[in-house]
Every structure is written in C-alpha cells, then in structure tokens.
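Trainee: Before I ask anything, here is the structure I am working with.
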Amino acid sequence: MQISKDKVVAIDYTLKDNDGEVLDASPEGQPLQYLHGAGNIIPGLESALEGKAAGDDVSVTVEPAEAYGERDDRLQQEVPMEMFQGVDKVEPGMRFQAQTQAGTQVVTVAAVDGETVTVDANHPLAGQTLNFEVKVSEVREATDEELEHGHIHEE
Ligand code: ZN
C-alpha cells in the first residue's frame, strides 16, 4: 500500500541538523504514527513521504519554510525576573507557558542577566534546516473515526 491522503503511516526516523547533530529520533521499536494529509507532521516531510510504501527508506532535507518556519526576532523579548515568581532558579533552556495577547504560548528562556530574562517564543526548531532519515514501517487505511478526528488512535 502506498502512502497517500487518509492513510495511517508509521515511520522510524532520525532528525539531524546541518552539523550532523541528532535533534530528535523515534524511540527504538516505537515508530511515529500519523494520519497522512492531515497536517499532523511538517509539510516538507509529509510531501517527501507521498507515494512511498512500507520498507522504503527516505532521506530528505527540509528547509525552514517547509518545517517550523523562519525565526522571528520580534518573538524574543526581555522581561523582568519578577515575572517568574515561584521558580527557584531561572536558567537558559527552561520552557514556560506564558499568557500573551496572542493566547497561551510556550516560551524558552534564552538568557538571564541579573534581573532581566530574555524569553523566546519561536519554535525551538524555527530557522533550522532539518535532515530526516526515515524508514516507513507500516501503511494502513485510517478508520472512519480517525478521519473524523483528523488524527490517529493507537491500539
Ligand atoms: Zn480522536
């Protein structure tokens, strides 16, 4: 069976940046399952998998525009440390949910300088070119319920 819209696909994958550093990978024996054509995964990876079948290996390089978008420096801002009341120690890399005019956003602490904290609301992979090594492990028909919900249901 070939991958096309409304198929449920299971993939084993490794994601590396342009320096060859592994950013993410599916756990051994636990492939990622998704509903094809429903926007469950980034567009560049979804289109590269179109027409593939179980057992196929796919190597694809995805530019930011087809992945998590370009970085937007306006999404980085300095806020006072007092906004982090109840947190013992604020350190770069920590992630928080923040209430903003745009709703709830996840922000990452980019830097701490005394009483000033720089937070960044960009997706951590924004602006990055992503290199995927993928093995398709299974392709099956989606159930009616999965199609209705727009996502897969694991057994
Ligand atoms: Zn559901």
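Trainee: Consider region 33-45. How many of its residues are more than 12 Å from the chain's Cα centre (by Cα) and open to solvent by 30 Å² or more (accessible area, probe 1.4 Å)?
Mentor: The total comes to 3.
Trainee: Return yes or no: is residue 153 in contact with a helix residue (DSSP H, G or I) (Cβ under 7 Å, 6 or more places away or on another chain), farther than 23 Å from residue 63 by Cβ and within 16 Å of the ligand (Cβ to nearest atom)? It would help to see each step written out before you state the result.
Mentor: Numbers: in contact with a helix residue (DSSP H, G or I) (Cβ under 7 Å, 6 or more places away or on another chain): yes; farther than 23 Å from residue 63 by Cβ: yes; within 16 Å of the ligand (Cβ to nearest atom): yes.
Taking the combined requirement at face value, the residue satisfies it.
Trainee: Additional query: Quick one: residue 144 ticks every box in (1) over 21 Å from the mean Cα position of the chain (by Cα); (2) more than 16 Å from the ligand (Cβ to nearest atom) bar one, so which box is it?
Mentor: (2)
Trainee: Please count how many residues of region 61-95 are in contact (Cβ under 8 Å) with a residue 40 or more places away in the chain and of a type outside the set (D, E, K, R).
Mentor: First, the residues of region 61-95 that are in contact (Cβ under 8 Å) with a residue 40 or more places away in the chain: 61-64, 67-72, 75-79.
Still in the list and also of a type outside the set (D, E, K, R): 61-62, 64, 67-69, 75-77, 79.
Number satisfying all stated conditions: 10.
Trainee: Checking residue 98 against (1) at pLDDT below 95; (2) under 25 Å from residue 62 (Cβ atoms); (3) surrounded by 13 or more Cβ atoms within 10 Å (Cβ to Cβ); (4) among the small types (Gly, Ala, Ser), which single condition isn't satisfied?
Mentor: (2)
Trainee: Kindly provide the set of residues from region 125-155 that are touching a Ser or Thr at 6+ places or on another chain (Cβ under 9 Å) and open to solvent by 70 Å² or more (accessible area, probe 1.4 Å), ordered by number.
Mentor: Hit for region 125-155 is 133, nothing else.
Trainee: A further question on this structure: Is it the case that residue 112 is open to solvent by less than 40 Å² (accessible area, probe 1.4 Å) and more than 16 Å from the ligand (Cβ to nearest atom)? Steps first, answer last, please.
Mentor: Working: open to solvent by less than 40 Å² (accessible area, probe 1.4 Å): no; more than 16 Å from the ligand (Cβ to nearest atom): yes.
No: the conditions fail for residue 112.
The values are calculated or read from the model by the stated rules, or taken from the named source; none is laboratory data. Worth saying up front: this structure is predicted, and the values here are computed from it rather than measured. Glycine gets a Cβ as well: all are built from the backbone with ideal geometry, and neighbour counts include every protein chain shown. Areas reflect the complete protein model, heavy atoms only, side chains present, ligands, DNA and RNA absent. Shrake-Rupley method; radii C 1.70, N 1.55, O 1.52, S 1.80 Å.
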